[in-house]
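The values are calculated or read from the model by the stated rules, or taken from the named source; none is laboratory data. The structure displayed is predicted, hence computed values, not measured ones. Positions of Cβ are generated from backbone atoms using ideal geometry, with glycine treated the same way; all protein chains shown enter the neighbour counts. For the accessible areas, the whole protein counts, side chains as well, though only heavy atoms, and no ligand, DNA or RNA atoms are used. Shrake-Rupley method; radii C 1.70, N 1.55, O 1.52, S 1.80 Å.
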Amino acid sequence: MTRASEGGLARPIGFIDSGVGGLTVLHECLVSLPGEDFLYLGDSDYFPYGTKTVDELRERVGIVTSFLLERGVKMLVVACNSATATAGEEIARIAAGAGVPVVTVIGPESEIAATITETGRVGVLATPATVSSGAYRAALDRLGRPLTVTEVAAPDLAPLIQEGSPFDEGVMDMVRSYCEPLKRAEIDTLVLGCTHYPLVAPMLQRLLGRDVRLVTAGHAIAAAVQRTLAADGSLSTERQEGDYRFLVTGDLDSFVEVGTRFLQLPLAGRIESVSVER
Ligand code: DGL
């Protein structure tokens, strides 16, 4: 039995993504911080974020952030690159107003990539919103190591993963076309710049070859969450397994089906349909 099944979530750690992609980050946190409670908001009614404009995303992500803060989360993990890239400052401002610390993607995986690349040729595969924001280029530049960065926007990849479509030959051809400029650039390190993409890491590895290292955010995010909570004095001291729950703005059945497959933990019975409007 979990604590929550005995009497509701303690102050959980909140997660935001447009869909199931952030589950790749949640997974790492569930493993690293088993005594914590987690509340994940999947804004699937507004999916995809990655092809929306900066203005649209700032407005929507601001609303979603406020909604989750009202649920009493003790920390916010922005498990979405498109949201971080376009609305990171807005999220930080709103969360600061509520006194809630925020951990985001982009910075951590940029640091890992800049550290592990041997040739200095780094690729970034991300949504159009993330690529056109220039957020990865800026994060990699800040690290002060001379790098050759090749960014590829993949408008159709996150939708395909979100739908849970079968990975047929057509999908392979599409992913192959996203990989071509990365192969031409002879990268040795690829940042998976969308939290949906670790879910197709085996396919990317097959197409790019063993010598290209794939970098994801999850591990580093879990470490950052732990550090931030410890510094705050709000790390759970519970030894009993914590709980995890979901708030979803779109279709519940497909979220449960695809999410359960990817998280490899049950979602059914832990999920609530919510309408998030201003
Ligand atoms: N998982 C998201 C990201 O990291 C968003 C995908 C989308 O909604 O387009 O960018």
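Within region 229-278, if we keep just the residues that are crowded, with 18+ Cβ neighbours inside 10 Å and among the hydroxyl-bearing types (Ser, Thr, Tyr), the residue that is farthest from the chain's Cα centre (by Cα) turns out to be SER236. Of all the numbered requirements in (1) within 20 Å of SER44 (Cβ to Cβ); (2) away from the ligand (no atom under 16 Å from the Cβ); (3) open to solvent by 40 Å² or more (accessible area, probe 1.4 Å), GLU169 misses one, and that requirement is (1). Applying a threshold of 8 Å to beta carbon distances and a minimum spacing of six or more residues, or different chains, the list of pairs starting in region 186-205 at a residue that is open to solvent by less than 20 Å² (accessible area, probe 1.4 Å) and ending at one that is of a type in the set (Phe, Trp, Tyr) and within 10 Å of the ligand (Cβ to nearest atom) reads LEU204/TYR197. Within region 158-172, residues that are over 15 Å from PRO202 (Cα atoms) have Cβ atoms under 9 Å from residues that are aliphatic (A, V, I, L, M) and away from the ligand (no atom under 16 Å from the Cβ) in these pairs: LEU160/VAL171; SER165/VAL171, counting only partners at least 6 apart in sequence or on another chain.
Select from region 125-137 the residues that are away from the ligand (no atom under 12 Å from the Cβ) and open to solvent by 40 Å² or more (accessible area, probe 1.4 Å) and list them in ascending order. Answer for region 125-137, where residues must be away from the ligand (no atom under 12 Å from the Cβ) and open to solvent by 40 Å² or more (accessible area, probe 1.4 Å): SER132, ARG137. Residue check: VAL152 meets all listed conditions (1) over 29 Å from PRO101 (Cβ atoms); (2) modelled with pLDDT of 95 or more; (3) part of a helix (DSSP H, G or I) but one, namely (3).
Only residues that are open to solvent by 10 Å² or more (accessible area, probe 1.4 Å) and part of a loop (DSSP other than H, G, I, E, B) were counted in region 73-103, giving 5.
Please pick out the residue among GLU186, GLU169, GLU111 that is at pLDDT below 95 and farther than 18 Å from LEU57 by Cβ.
GLU169
Just for region 1-43: of the residues that are of a type in the set (S, T, N, Q) and near the ligand (Cβ under 9 Å from one of its atoms), which one is modelled with the highest pLDDT? First the steps, then the outcome.
Residues of region 1-43 that are of a type in the set (S, T, N, Q), as a first pass: 2, 5, 18, 24, 32.
Now restrict to residues that are near the ligand (Cβ under 9 Å from one of its atoms): 18, 24.
Numbers: SER18: 98, THR24: 95.
Ranking the qualifying residues of region 1-43, first place goes to SER18.
In the set (1) in a helix (DSSP H, G or I); (2) in contact (Cβ under 8 Å) with a residue 40 or more places away in the chain; (3) not hydroxyl-bearing (Ser, Thr, Tyr), the condition left unmet by PRO48 is number (1).
Could you tell me whether LEU57 is open to solvent by less than 10 Å² (accessible area, probe 1.4 Å) and either aliphatic (A, V, I, L, M) or under 15 Å from the mean Cα position of the chain (by Cα) (or both)? Steps first, answer last, please.
Details: open to solvent by less than 10 Å² (accessible area, probe 1.4 Å): yes; either aliphatic (A, V, I, L, M) or under 15 Å from the mean Cα position of the chain (by Cα) (or both): yes.
Against the criterion (open to solvent by less than 10 Å² (accessible area, probe 1.4 Å) and either aliphatic (A, V, I, L, M) or under 15 Å from the mean Cα position of the chain (by Cα) (or both)), LEU57 qualifies.
So which residues in region 206-221 are closer than 17 Å to ALA79 by Cα and either more than 16 Å from the ligand (Cβ to nearest atom) or open to solvent by 40 Å² or more (accessible area, probe 1.4 Å) (or both)? THR216, HIS219, listed by residue number.
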